[in-house]
1. Using modelled backbone amide H atoms (1.01 Å from N, in-plane), which distant-in-sequence or interchain residues come within less than 5 Å of SER15's amide H?
2. About its Cα centre, what dipole magnitude does the range 134-283 give when the only charges are +1 on Lys and Arg Cβ and -1 on Asp and Glu Cβ, stated in debye to the nearest 20?
3. How far apart, in nanometres, would the label points at ASN12 and ALA272 be if each is projected 7 angstrom from Cα along the Cα-to-Cβ direction?
4. Given Cα positions, please report Rg to Rh for the range 110-202, the hydrodynamic radius being the Kirkwood one.
5. Run the numbers on the range 4-279 and let me know its relative contact order in percent, using alpha-carbon pairs under 8 Å that are six or more apart.
6. Counting only trypsin sites (Lys or Arg not before Pro) that are in a DSSP loop and have at most 16 other C-beta atoms within 10 Å, tell me the longest site-free stretch of the chain.
7. Based on Cβ point charges of +1 for Lys and Arg and -1 for Asp and Glu, what charge dipole magnitude is obtained for the chain about its Cα centre, in debye rounded to the nearest 20?
8. Per the Debye formula with a single identical scatterer at each Cα and no solvent contribution, what log10 I(q)/I(0) holds for the range 1-160 at q = 0.09, 0.15 Å⁻¹?
Amino acid sequence: MTEIAERTVETNGYSTLLLDGGGGERAHPETVILLHGGGPGANASSNWRGFIPELAGDYRVLAPDLVGYGRTDHPEDMPRSLTGWMRMRVDQVLAMMDALGIDKAHLVGNSMGGALAMHLTMTAPERFVRVSLMGSAGGESHPTPEVIRMVSFYKDPSISSLENLTKWFVHDETALGESLTAIVEQRYREVMRPEVRRSYECFFSSPPTEMAVPPSALRRMPHPFLIVHGREDRFVLPESSVYLQRHLPNAQLHIFDHCGHWVQIERARGYAALLRDFLTDSY
């Protein structure tokens with residue numbers, strides 16, 4: 001069984017909580033950083049704890065609670081725009097790498113975390129080797145009804161609203177099995193923390209389209225990209241990933257059928273197999 005440790009590191013004057021797993025018996029394993037999405041109650045554990053064992057035998061896997069989410073410290077002086085939050089998270093991940101002595105890493109980003117992965121690659125291209133985007137924000141897309149309900153969650157912050165959102169993240173809610181109730185309850189406890197609500201409402205005071213990465217920036221990212229998307233994703237439509245693949249100069253795209261926004265849950269083994277081949281340069 002993979003041991004996943006929780007630890008904190010100092011990042012630019014505040015503490016970042018992260019999950020640290022894997023490496024196996026390898027003396028100097030490569031590092032994969034997993035970046036979670038931006039839905040209500042999101043954090044490293046809810047997005048990635050079940051997926052980390054898929055990679056942890058061969059890689060050191062790190063998954064931080066991005067600033068504004070989870071048990072990472074929530075700033076008193078918050079950015080007033082979505083782009084300001086993105087800059088703060090770029091600085092956070094780079095500071096985390098410095099604190100842990102990590103010179104280079106691979107990136108895997110889901111949804112908002114995918115947009116962050118591209119902003120990191122744009123800001124510090126020398127620090128990152130290979131990048132995988134999963135149901136990624138940051139492409140050319142327009143808010144769907146599901147996204148509008150997500151960003152306005154606190155207009156009706158009920159457990160039933162959160163349960164509906166959680167079901168919508170997957171194509172078939174039976175993929176969540178008996179854990180659906182536990183997932184909703186855990187996320188609801190998270191979203192009802194005052195500091196989480198304050199950060200969330202501030203972050204989404206700007207439209208989600210502010211996360212878009214311009215084509216002129218995408219074509220200047222020569223890194224290998226593996227882009228994956230669920231065909232039935234209603235939060236970020238698959239066309240957005242087609243757009244990213246068209247503009248990134250070294251990108252492959254795989255679309256999973258019968259799959260929604262959480263590829264790492266609905267298609268964990270299939271995605272892990274693709275990702276392992278990609279990270280070992282055999283994709």
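Read-outs throughout are calculated quantities, based only on the coordinates presented, and are distinct from any laboratory measurement. Nothing here was measured: the structure is a model prediction, and the numbers come from that model. Here Cβ is always computed from backbone atoms with ideal geometry, including for glycine, and neighbour counts include all displayed protein chains.
1. ASP73
2. Charge dipole of the range 134-283: 380 debye, to the nearest 20.
3. 3.3
4. 1.02
5. Relative contact order for the range 4-279 comes out at 20 percent.
6. 105-218
7. Approximately 460 debye in magnitude.
8. Once normalised to I(0) and log-transformed, intensities are -0.29, -0.80.
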